Amino acid sequence: MVLTTQSFEEQLTEKLRSLRGTGVEEASEKDMYYAVASIVQEQLSASWQDTRKHYDKREERQMYYISMEFLIGRLMENNLQNCGLLDTCTTTLKKLGFEPELVYGQEHDAGLGNGGLGRLAACFLDSVASLRYAGHGSGIRYRYGLFEQRIIHGNQVELPDYWLKEEYPWETRRADESLTIHFGGQVIPHKRSDGSLEFSYYDTDEVQAVPYDVPVAGYQNDVVNTLRLWSAELAPENTDILADAEGKYYHHLDHMHSVEQISGFLYPDDSSYEGKELRLKQQYFLVSATIQNIIRDHKTRCTKSLKNMHEKTVIQINDTHPSLAVPELMRLLMDEEGFSWDDAWNITTKTIAYTNHTTLSEALEKWPVSMMENLLPRIFMIINEINERFCLGIYYDKPAFRDLIPRVAVIADDQVHMARLAIVGSFSINGVAKLHTEILKRSEMNDFYRIFPEKFNNKTNGITHRRWLLQVNPGLSSLITDAIGRGWVEQPSKLSTLVRYSNDSPFLDKIADVKKENKKALADLIRKRTGITVNENSIFDVQIKRLHEYKRQLMNIFHVIYLYNELKDNPMMDMTPRTFIFAAKAAPGYYMAKEIIKLIHHVASIVNNDAAVGDRLKVIFLENYNVSLAEKIIPAAELSEQISTASKEASGTGNMKMMMNGALTIGTMDGANIEINDFVGRDNIFIFGLSSEQVHDYYANGGYNAKDMYHADDRIRRILDQLYGGEFGSQEIEFKDIFYNIMYNNDPYFVLKDFDSYIDAHELAESRYRNHRQWQQMSTINIAHSGKFSSDRTIHEYASEIWRLSPVPKA
Ligand code: 26V
């Protein structure tokens, strides 16, 4: 149903009255927010039901994306846009005297993810629905999302993110579809009459998984898929044993609390893996609920028998976090559905596909055998058998690979290796950018690649251009549409026709005007949040991402110190003013990352307050980086810092978002930067630094000495000395651990090694910026090629090469 502005206004008035007990005149922005959300949710509900029925009727093959993280951010504008109501709503709100941005801004970000991996899952859901694929997300409804970051005296402080404090209007609780998850207890085998084994469980702890459904609307196509988020509750049968004795009652409350903890909070450390039992509980909780749900769905949608499950279902697991899907599907098929091992294995390994998102060894998940055995005894038995059969299979059927067995065994050194489990149990393993996949094949997972070469493939990441261009940058979007028509919205590859405009002066001027407007808006936000006025004509140089040593925010701040030193030595130096914008959360326990945040603030306090520098150099750190903040920074970015140590950043997706908004990349040949470079060409990107081969070679064979760099390069020595005892240190604050890490730990991320070429790249960027026309040309070429990084392209590839899905025809 299409709503006119008039009927929209009528509905708003009615919603305000019925839901909030107020009229337009007295309504607050919050009232308005809930009234609008309710209209939108109603619009979506009808299509949601229709979509479900349509899939059921066609017995559609479905994809389930299991992920511990979905970093969806706010949904209001997205949902308005996708159901074609954004303009109507914005106009109506303005007419009624409301600032639309303030109304939409009432929504608390759903921060159910750490960073790249979680945001990717959210972009994927948008593309799946928009391209009419039958695919759904399954995740955890954490009561606390990623912590809120505050900076106090330059230090990061974490506050809990209680995002459900106020009602979340997009979710629907479906208690009727709850499922039971079992933990712990004993497993007892019994012999069936045919001699096969049956297993029963005793003394298990039972937890209810209660689903909350969030609609995932496709772009103006009436498709509404589902993101199902599971919440942990005490099973009802356990709640009515209201005990007589007081002690029992308290015990009961304690128990309830520990059960609810399972969906209590999102683990905020995406940099190093810790074998915490609660995290393992979360993983099994998610996986068991999802797989039980899939089986129930299959039985209602298709046949009662699960024999053809792999024809009707495909499961994509987002990193190894949900890799217990392999033994859980085996368990359900064998223990609940009566399949033999071989039949169950055949179905499982034709159903599950696995995406790898990192090669950093610190992040590889391994669980102690004893923990797994106690918490999930039956699952552990199955993993054991998977391991034995796999190793025996190699020994007898692939004798050439016998030597590999100790390195590929799923259980080794008293630990369960989750990546190995995921590889053995799935039919597809993909990396997230060309280089990343090559590294998996050639080194990290080479043993497995030799055994199963056919399983490995690449799917370069993407981002949804509907949120990251159409929604966040209306100015640029209408400029593009005026030039090339609206086709790019449905087919982002059409953006490439913009290349024609890279010599069109009036167009280039308009590109510059839009950027100027967006920079002005960001400058306002910076002033509001930090009190600092930045020069709106300066280069907006942006690095926004999780804080991690390999991402090298340290190298960026060293460059700032270098420029500051230059300015101090030569106050009349001719330089284009720069505003360095940082935003980053550090994992709460990541000491070095927190030191780097402190250093950025310390440098900012000196540089920003030096009258001799004026507005030629400003350092801004925006606290609490999240999806909503990214939406405000990205349209205003001019230089996009993608400066990871080559080979370490699997893909990066912020690089794509900024390119799509006309920023130029300064970056290493790492992750998807390589593919950005391939498309835009060397002249339209600033590449510097060691290659991944060189990095690999230094790690393998040595030959790099950070101290030599310190002694040989005056600029570097000066900066390092300033950290420790010099201008950027003081009585109270010194950065000696950063200094030591570089000097005595031999600069593990090659900050010093890449520094010289980084400065050169910046100088080249500055000289290009001085030629305004040339910069706008380069910017236009970047936008034109960004269509390749739409997640629509990525999802088409997953659908045709892994999921074997076709778009569902309209009803
Ligand atoms: C790891 C861990 C370790 C245990 C505790 C919680 C936790 C949470 C997340 C992670 C995953 C880190 C992997 C990750 O986020 N990789 C990023 O994936 C992006 C999407 O593919 C990619 O663009 C980034 O380059 C990659 O770093």
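Where a number appears in this text, it was derived from the coordinates with a stated rule and is not lab data. If you're wondering where the values come from, they're calculated on a predicted model, not measured in any experiment. Cβ: placed from backbone, ideal geometry, glycine included. Neighbour counts: every protein chain shown.
Summary of computed values
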{"read-out": "Using alpha carbons only: equivalent-ellipsoid semi-axes of the stretch 104-156, gyration tensor based, whole Å", "value": "29, 12, 11"}
{"read-out": "J(HN,Hα) series, the stretch 542-555, from Karplus relation 6.51 cos²θ - 1.76 cosθ + 1.60, nearest Hz, glycine and proline x", "value": "10, 10, 10, 4, 4, 7, 8, 4, 5, 7, 6, 4, 4, 5"}
{"read-out": "Entries of LYS519/LYS618; LYS276/LYS459; LYS657/LYS810; LYS545/LYS707; LYS459/LYS657; LYS307/LYS810 with Cα pairs more than 21 Å apart", "value": "LYS276/LYS459; LYS657/LYS810; LYS545/LYS707; LYS307/LYS810"}
{"read-out": "Nearest-ten-degree value, helix 505-530 long axis tilted from longest Cα axis of the chain", "value": "80 degrees"}
{"read-out": "Linear extension gain, LEU392 paired with ILE405, 0.36 nm per residue minus alpha-carbon span", "value": "3.8 nm"}
{"read-out": "Inter-site label distance for SER45 and THR497 at 7 Å from Cα along Cβ, in nm", "value": "4.1 nm"}
{"read-out": "Rough spin-label spacing in nm, given labels placed 7 Å along Cα→Cβ, for ALA235 and ASP683", "value": "6.9 nm"}
{"read-out": "Interchain or long-range residues, amide H under 5 Å from TYR65's placed H", "value": "HIS136, GLY137, SER138, GLN316"}
{"read-out": "Residue exposure sequence - LEU508, LEU179 - by fewest surrounding Cβ within 10 Å", "value": "LEU179, LEU508"}
{"read-out": "Pair MET575, ALA700: separation of 7 Å Cα→Cβ label points (nm)", "value": "4.0 nm"}
{"read-out": "Stretch gain in nm, segment LYS57-ASP414, where the contour uses 0.36 nm per residue and the Cα spacing is subtracted", "value": "123.7 nm"}
{"read-out": "Alpha-carbon Rg/Rh ratio, for the chain, with Rh computed the Kirkwood way", "value": "0.97"}
{"read-out": "SER428 long-range amide H proximity, modeled H, under 5 Å", "value": "TYR354"}
{"read-out": "Derived scalar couplings ³J(HN,Hα) [the stretch 764-779; Karplus, 6.51 cos²θ - 1.76 cosθ + 1.60; whole Hz; x for Gly, Pro]", "value": "5, 4, 5, 5, 5, 5, 5, 8, 3, 4, 4, 4, 5, 5, 4, 4"}
{"read-out": "Neighbour count of at most 16 Cβ within 10 Å plus DSSP loop: longest trypsin sites (Lys or Arg not before Pro)-free window in the chain", "value": "487-803"}
{"read-out": "CD proxy at 222 nm, helix term only [per DSSP H run n ≥ 4: -39500 (n - 2.57); per residue of the chain; nearest 500]", "value": "-14000 deg cm²/dmol"}
{"read-out": "Cα-based convex hull, the stretch 88-218, per residue volume (Å³, whole number)", "value": "237 Å³"}
{"read-out": "³J(HN,Hα) computed for each position of the stretch 179-187 - Karplus, 6.51 cos²θ - 1.76 cosθ + 1.60, integer Hz, glycine/proline x", "value": "9, 9, 10, 10, 10, x, x, 10, 10"}
{"read-out": "Largest to smallest principal axis extent of the C-alpha atoms in the stretch 448-508, angstrom", "value": "57, 26, 17"}
{"read-out": "For the stretch 389-439, Kirkwood radius (reciprocal of mean inverse C-alpha pair distance, Å)", "value": "12.4 Å"}
{"read-out": "Chain lengthening between ASP482 and LYS350 when straightened (0.36 nm per residue, less Cα-Cα)", "value": "42.8 nm"}
{"read-out": "Most positive-pole-ward Cα, LEU117, TYR144, VAL36, against dipole of the stretch 8-150 from beta carbon charges", "value": "LEU117"}
{"read-out": "Tally of Lys pairs whose C-alpha atoms are under 20 Å apart, taken over the stretch 1-101, 8 or more apart or cross-chain", "value": "5"}
{"read-out": "With at most 14 other Cβ atoms within 10 Å, longest stretch of the chain clear of loop GluC sites (Glu not before Pro) (DSSP)", "value": "275-731"}
{"read-out": "Debye, to nearest 20: dipole size of the stretch 22-92, +1 on Lys, Arg Cβ, -1 on Asp, Glu Cβ", "value": "460 debye"}
{"read-out": "Percentage, to the nearest whole number, of Cα pairs in the stretch 413-485 over 19 Å apart", "value": "54 percent"}
